[in-house]
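Some notes on the structure that comes next.
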Amino acid sequence: MKVESAVGFRHVIDLLSSERKLIVGHNCFLDVAHMYSKFIGPLPSTAEDYVSSLQKLFPTIVDTKILLNANGVFRQTLNKSNTSLSRAFVSICPHIALGIKTSSLADRPCVEVEVQVDEKRSSNWNSGAKHEAGYDAFMTGCIFAQACNHLGIDFTLHVLGGDLAKETKLQNYINRLYLSWVSGNVIDLSSGKCTPDSSASSNLKSRYQDISFPSIILLWGLPSKLKAREIRAYIAQAFGPNSVSSVYHLDESAVFIQFSKPELVSKFLELKETLSRNSDPISVLHPLSNILNGENTHAATYDVYQQICSSSISKKLFADQAEAVGIKHKTVSSRAERGKKGNQVFDKETDVRMFDEKADDLMSSAYGFSETDRSAESFYLDEVLASK
């Protein structure tokens, strides 16, 4: 009995798998990956192995974001590219979300969805609390039901047989998931192949520049109330108005910063290290001093972030994660940078870049920038990393 109790929610996962149920999600690549890693086992090292294993457990998965983007009527209803879960819910299911009795899909009647909610969840449910797990699942299910109804699928034919996954009208949408709404790539779970998406969501690629890992640094230990636009503004004062492509939060005190040029990464780390060591007026009044939270701020290249996250230790805040792993230095370089300096052996206690440049040299015109450097809006980290 103790073992059975300890298994917990894994029973639900096993039941879904054994019943070969159709799994429905919205932009659910990461959801499925988390479900696999938490209840099945460690994620395989290759996409091919992952897809092969996943297919044995859950042979049919539908992503409602794929379904909405692949249908011209839905794209028109959702203003072509706006398929976020909450907005799609309001647009596709206004009779549920807003209590409006008519649907924007005029050629089909609204699908009524009945659900029972326990008392503990009723307050969140009644307020329409998006990003609350149960309500998100409810919105996803409603969107799927309404979409199927628009496609002409008769649910009464599938209730007893339980063979909705075999429905001919769904086959073009099954087992295709977005790797990321930023990248616009779709993975076919049946083959493991990735292909560019030609639907409306791929228009987002024009809004965001490609992710360039050599151009990214991670800052953690920042003041918790510091906003992305403020960080961008302070860095722009030091390196030029187009030096930063994007700033996105990892958590309340950690951010990723993507520069417009890879060489700005080393220059930023050099300047950060110099300002951290000096307390002269130039350093104190420097624009970056507004984001360098005294002795608490750390900086590192992207592959150091990967090293920290590869640990089996898991903490809520990245600052705690880095400390638990053993990263104590204020400025940490990448393995590639160390290779250029002489192929030093990595050691987390000694792997720190020390720079000798003077502060006035680091704030000179050597930090040239181009007016043509691209910039982009901030965007969410979980969906960006999903594409890699």
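The values are calculated or read from the model by the stated rules, or taken from the named source; none is laboratory data. What you see is a predicted model; the values in this text were computed from it and never measured. Note that we place each Cβ from the backbone using ideal geometry, even for glycine, and neighbour counts take in every protein chain shown. Quick note on the areas: whole protein, heavy atoms, side chains included, nothing else; ligands and nucleic acids left out. Shrake-Rupley method; radii C 1.70, N 1.55, O 1.52, S 1.80 Å.
Grab the helices (runs of 4 or more DSSP H) fully contained in the stretch 26-95, keeping just those with 2 or more residues being in contact (Cβ under 8 Å) with a residue 24 or more places away in the chain, in the same structural domain as Lys166 (by the TED database) and within 22 Å of the chain's Cα centre (by Cα).
29-39, 47-57, 64-69, 85-92
Quick check on my filter: what residues within the stretch 55-65 are within 19 Å of Thr195 (Cα to Cα) and out of contact with any strand residue (DSSP E or B) (no Cβ under 7 Å at 6 or more places or on another chain)?
Gln55
Of the residues that sit in the stretch 21-32 and are closer than 21 Å to Lys166 by Cα and either touching a Pro at 6+ places or on another chain (Cβ under 7 Å) or not β-branched (Val, Ile, Thr) (or both), which one is most open to solvent (accessible area, probe 1.4 Å)?
Lys21
Go through (1) open to solvent by 30 Å² or more (accessible area, probe 1.4 Å); (2) farther than 26 Å from Glu132 by Cα one by one and return the number of the condition Val51 breaks.
(1)
Does the stretch 11-20 include one or more residues that are more than 21 Å from Ser314 (Cβ to Cβ), hydroxyl-bearing (Ser, Thr, Tyr), at pLDDT below 90 and more than 24 Å from the chain's Cα centre (by Cα)?
No; the residues of the stretch 11-20 include none that is more than 21 Å from Ser314 (Cβ to Cβ), hydroxyl-bearing (Ser, Thr, Tyr), at pLDDT below 90 and more than 24 Å from the chain's Cα centre (by Cα).
Has the stretch 114-126 got at least one residue that is closer than 20 Å to Phe74 by Cβ and at pLDDT 70 or above?
No, every residue in the stretch 114-126 fails to be closer than 20 Å to Phe74 by Cβ and at pLDDT 70 or above.
In the stretch 276-320, which residue that is hydroxyl-bearing (Ser, Thr, Tyr) and at pLDDT below 85 is most open to solvent (accessible area, probe 1.4 Å)?
Filtering first and then ranking leaves Ser312.
Do you know which residues across the stretch 79-112 are at pLDDT below 80, over 13 Å from Gln146 (Cβ atoms) and hydroxyl-bearing (Ser, Thr, Tyr)?
Selection gives Ser81, Thr83.
Among the residues of the stretch 238-245, is there at least one that is in contact (Cβ under 8 Å) with a residue 24 or more places away in the chain, touching a strand residue (DSSP E or B) at 6+ places or on another chain (Cβ under 6 Å) and surrounded by fewer than 21 Cβ atoms within 10 Å (Cβ to Cβ)?
No, because not a single residue in the stretch 238-245 is in contact (Cβ under 8 Å) with a residue 24 or more places away in the chain, touching a strand residue (DSSP E or B) at 6+ places or on another chain (Cβ under 6 Å) and surrounded by fewer than 21 Cβ atoms within 10 Å (Cβ to Cβ).
Checking the condition basic (Lys, Arg), in the same structural domain as Thr297 (by the TED database), under 22 Å from Phe318 (Cβ atoms) and in contact (Cβ under 8 Å) with a residue 24 or more places away in the chain, which residue from Lys225, Lys272, Lys267 passes? Outline the logic, then answer.
Values: Lys225 fails: in contact (Cβ under 8 Å) with a residue 24 or more places away in the chain; Lys267 fails: under 22 Å from Phe318 (Cβ atoms).
After applying the criteria, what remains is Lys272.
Being of a type in the set (A, V, I, L, M, F, W, C) and out of contact with any helix residue (DSSP H, G or I) (no Cβ under 6 Å at 6 or more places or on another chain) is the filter here; which residues of the stretch 296-326 pass it?
Here is the first cut: in the stretch 296-326, the ones of a type in the set (A, V, I, L, M, F, W, C) are 299-300, 304, 308-309, 313, 317-319, 322, 324-325.
Hits for the stretch 296-326 are Ala300, Val304, Cys309, Leu317, Phe318, Ala319, Ala324.
Would you say Ser18 is open to solvent by 30 Å² or more (accessible area, probe 1.4 Å), within 20 Å of Lys166 (Cα to Cα) and out of contact with any strand residue (DSSP E or B) (no Cβ under 8 Å at 6 or more places or on another chain)?
yes
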